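The values are calculated or read from the model by the stated rules, or taken from the named source; none is laboratory data. If you're wondering where the values come from, they're calculated on a predicted model, not measured in any experiment. Virtual Cβ from ideal backbone geometry, glycine too; neighbours counted across all protein chains shown. Keep in mind that these areas ignore ligands, DNA and RNA; they rest on the heavy atoms of the full protein, side chains included. Shrake-Rupley method; radii C 1.70, N 1.55, O 1.52, S 1.80 Å.
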Amino acid sequence: MEIEFFGAAREVTGSCHLLRVGGRTVLLDCGLFQGHRKEAQEKNLRLPCPVSEIDAVVLSHAHIDHAGRLPFLVNQGYSNTIWATSATRDLSAIMLADSAQIQERDAEFLARRQREYVEPLYGTRDATRTLELMIGMPYHKEFEVVPGVRAQFVDAGHILGSASVIVDVTEQGATKRLVFSGDIGRAGLAIIRDPEPPRAATAVIMESTYGNRDHVPVDGARAQLGAVVRDTAARGGRVLIPAFAVGRVQELVYDLHTLLHEGAVPEVPVYIDSPLAVDATSVFEMHPEVFDRGEALVQRVPDLFRFELVRYTRDVEESKALNRAQGPMVIIAASGMAESGRILHHLANGASDPRNTILTVGFQAEHTLGRRIVERRPTLKIFGDEVPLRAQVEVLNGYSAHADRTELAAWLDTVRASSPSLGPVWLVHGEPEAQDALATTLRAKGYQVECPAPGDRGEV
Ligand SMILES: [Zn+2]
Ligand SMILES: [Zn+2]
């Protein structure tokens, strides 16, 4: 079997690797390249190989940097099967539709600026057709990808439906096992089960996003969230949380639900003000089979995401009405870096009130409004107006859905413990600094590590 690394090679986005076995080609992931618009656009238009050569796609999870180029593949004529877990398939339904809308809006924006027609990478119809090709599989259930190649999904513990992929390839009577980690999550994350490192691997393709960093422990985040809600409510203010609609919002709702159950926060209303988050929550509710039965709230409460104090607003008028509402409350709205979406209205309305708290719960990239908030700039530019930043600013780092360097190494150690003939470990999905640091750590532990660049190949 030959592997060719195409995307998320020496970088984080565009996850895509080609597997060539017995004259057939299988893609592991087909993610969107993100970042600087022009550079990303060029990369996104370049296919990993002629579409007619691709016999199947196996998808690790629904994040756009892993699934977001599938509709383009379909637009270019791909019509074979896309394998995923059932929850990933359903999450992809809303995430790819959302991505298609963003592609269409971006193309429109560019067309207006350049005064010429710019074609979107793909549209809503391509996203819908992609779903027709997707087959949702349970975890631990083997399926035949192409003759001679069998695969199964195991928990990656990263987001709902996320999987590591076990690929068993039989050539000339001998079977070898390639493990593709997907994005590896963390033990103890809310709602979903912990990562399950596969056994008996011959070779591993592993992510390395935080290969040079350790996170704060998972358990601290909920307590910190509770403290922020308590303090803000005591001042009579609101907690404004910019958050990614898929995954992070549901974790926050779950944690607030837990805190209320424990009596750790006062009874203040919680508004989830994002149509995409409302849809994503429905997908979570459709997949209780992937919840972590070991968690107290999962055991005790039949409906994790609906409780007396939580309200989901889909309607724009309802969202605007929140500006006039009185008293303490929590408002969670997209986008995660406060670049767009309804959180902007709430920030324009609430950033200047010292009783309020703006709480960030995820990475804030440079040049985003979220970053300027975290830097506590004296004023924020929102909808063209300068808004003084007088609200409290709190930063919660415990919500990362990615394993840190210690957790990545521990995951691989567990794989090796049951893999007497473990060969190469290829690091993907990481910036060069993160990858090089992790590679050094792993080599010192005796692993045979490579950090492939786009176009590099490996043999198993
Ligand atoms: Zn991911
Ligand atoms: Zn990723």
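Reported count of residues in the stretch 64-80, each being within 12 Å of ligand 1 (Cβ to nearest atom) and buried (at least 22 other Cβ atoms within 10 Å of the Cβ), is 4. Output the residues belonging to the stretch 9-29 that are within 16 Å of ligand 1 (Cβ to nearest atom), open to solvent by 10 Å² or more (accessible area, probe 1.4 Å) and without any contact (Cβ under 8 Å) to a residue 60 or more places away in the chain. Hit for the stretch 9-29 is T13, nothing else. Scanning the stretch 97-138 for residues that are open to solvent by 50 Å² or more (accessible area, probe 1.4 Å), within 24 Å of S79 (Cβ to Cβ) and of a type in the set (A, V, I, L, M) yields a count of 1. If you filter the stretch 260-280 down to residues that are open to solvent by 10 Å² or more (accessible area, probe 1.4 Å), out of contact with any strand residue (DSSP E or B) (no Cβ under 9 Å at 6 or more places or on another chain) and part of a helix (DSSP H, G or I), you find that the one that is farthest from G341 (Cα to Cα) is H261.
Checked against the criterion of being crowded, with 19+ Cβ neighbours inside 10 Å, closer than 22 Å to M95 by Cβ and not hydroxyl-bearing (S, T, Y), the stretch 310-327 contains not a single residue that satisfies it. Of all the listed residues (A243, A277), the sole one being farther than 18 Å from G157 by Cα and within 16 Å of ligand 1 (Cβ to nearest atom) is A243.
Of all residues being away from ligand 2 (no atom under 16 Å from the Cβ) and not polar (S, T, N, Q) in the stretch 67-76, which is nearest to the chain's Cα centre (by Cα)? Just the residue, please.
Initially, the stretch 67-76 is screened for residues away from ligand 2 (no atom under 16 Å from the Cβ), giving 71-76.
After this cut, where a residue has to be not polar (S, T, N, Q) as well, the list is 71-74.
Numbers: P71: 18, F72: 20, L73: 21, V74: 22 Å.
Residue satisfying both the conditions and the ranking: P71.
Does I64 satisfy being β-branched (V, I, T), in contact (Cβ under 8 Å) with a residue 24 or more places away in the chain and more than 16 Å from ligand 2 (Cβ to nearest atom)? The answer is no for I64.
Among the strands (runs of 3 or more DSSP E) confined to the stretch 157-232, the ones with at least 1 residues that are open to solvent by less than 50 Å² (accessible area, probe 1.4 Å), at negative phi and among the acidic types (D, E) are located at 163-171, 203-207. Checking A56 against (1) under 18 Å from G182 (Cβ atoms); (2) within 15 Å of ligand 2 (Cβ to nearest atom): exactly one of these is not met. Which one? Condition not satisfied by A56: (2). Among the criteria (1) over 16 Å from the mean Cα position of the chain (by Cα); (2) within 16 Å of ligand 2 (Cβ to nearest atom), the one C49 does not fulfil is (2).
Could you list, in sequence order, the residues of the stretch 296-308 that are open to solvent by 30 Å² or more (accessible area, probe 1.4 Å), in a loop (DSSP other than H, G, I, E, B) and either closer than 12 Å to H261 by Cβ or among the acidic types (D, E) (or both)? So that I can check it myself, show each step before the final result.
From the stretch 296-308, those open to solvent by 30 Å² or more (accessible area, probe 1.4 Å) are 296, 299-300, 302-303, 306-308; that's our starting set.
Next, only the ones that are in a loop (DSSP other than H, G, I, E, B) stay: 302-303, 306-308.
Listed by number, the residues that qualify are D303, F307, E308.
Of all residues in the stretch 69-107, which are under 25 Å from R24 (Cβ atoms) and among the basic types (K, R)? R69, R89, listed by residue number.
Residues are listed down the side, and each one gets a yes or a no for (1) within 16 Å of ligand 2 (Cβ to nearest atom); (2) not polar (S, T, N, Q):
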{"site": "M134", "(1), (2)": "no, yes"}
{"site": "M137", "(1), (2)": "no, yes"}
{"site": "P147", "(1), (2)": "no, yes"}
{"site": "R150", "(1), (2)": "no, yes"}
{"site": "S164", "(1), (2)": "yes, no"}
{"site": "D168", "(1), (2)": "no, yes"}
{"site": "G173", "(1), (2)": "no, yes"}
{"site": "I192", "(1), (2)": "yes, yes"}
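Scanning the stretch 30-55 for residues that are of a type outside the set (V, I, T) and buried (at least 21 other Cβ atoms within 10 Å of the Cβ), which turns out nearest to ligand 1 (Cβ to nearest atom)? Among residues in the stretch 30-55 that are of a type outside the set (V, I, T) and buried (at least 21 other Cβ atoms within 10 Å of the Cβ), the one nearest to ligand 1 (Cβ to nearest atom) is G31. Going by what's in this entry, would I331 be described as part of a strand (DSSP E or B), under 25 Å from G247 (Cβ atoms) and in contact with a Phe, Trp or Tyr (Cβ under 7 Å, 6 or more places away or on another chain)? Yes.
Under the condition of being more than 21 Å from F291 (Cα to Cα) and open to solvent by less than 30 Å² (accessible area, probe 1.4 Å), the residues counted in the stretch 81-96 number 2.
Results for (1) at pLDDT 95 or above; (2) among the aliphatic types (A, V, I, L, M), shown as yes or no for each residue.
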{"position": "A40", "(1), (2)": "no, yes"}
{"position": "N44", "(1), (2)": "yes, no"}
{"position": "D55", "(1), (2)": "yes, no"}
{"position": "V58", "(1), (2)": "yes, yes"}
{"position": "L73", "(1), (2)": "yes, yes"}
{"position": "S79", "(1), (2)": "yes, no"}
{"position": "W83", "(1), (2)": "yes, no"}
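Evaluated against (1) over 23 Å from T175 (Cα atoms); (2) in contact with a Lys or Arg (Cβ under 7 Å, 6 or more places away or on another chain); (3) of a type in the set (V, I, T), V460 falls short on exactly one condition, (1). Remark: pairs (first residue in the stretch 207-231, closer than 21 Å to E251 by Cα and at pLDDT below 95; second residue within 16 Å of ligand 1 (Cβ to nearest atom) and of a type in the set (K, R); Cβ separation under 9 Å; 6+ apart in sequence or on different chains) = H215/R186; V218/R186.
Here is a list: R105, R113, R129. Which entry is away from ligand 2 (no atom under 16 Å from the Cβ), without any contact (Cβ under 8 Å) to a residue 60 or more places away in the chain and touching a helix residue (DSSP H, G or I) at 6+ places or on another chain (Cβ under 9 Å)? Give the derivation first.
Working: R105 fails: touching a helix residue (DSSP H, G or I) at 6+ places or on another chain (Cβ under 9 Å); R113 fails: touching a helix residue (DSSP H, G or I) at 6+ places or on another chain (Cβ under 9 Å).
Going through R105, R113, R129 in turn, just one is away from ligand 2 (no atom under 16 Å from the Cβ), without any contact (Cβ under 8 Å) to a residue 60 or more places away in the chain and touching a helix residue (DSSP H, G or I) at 6+ places or on another chain (Cβ under 9 Å): R129.
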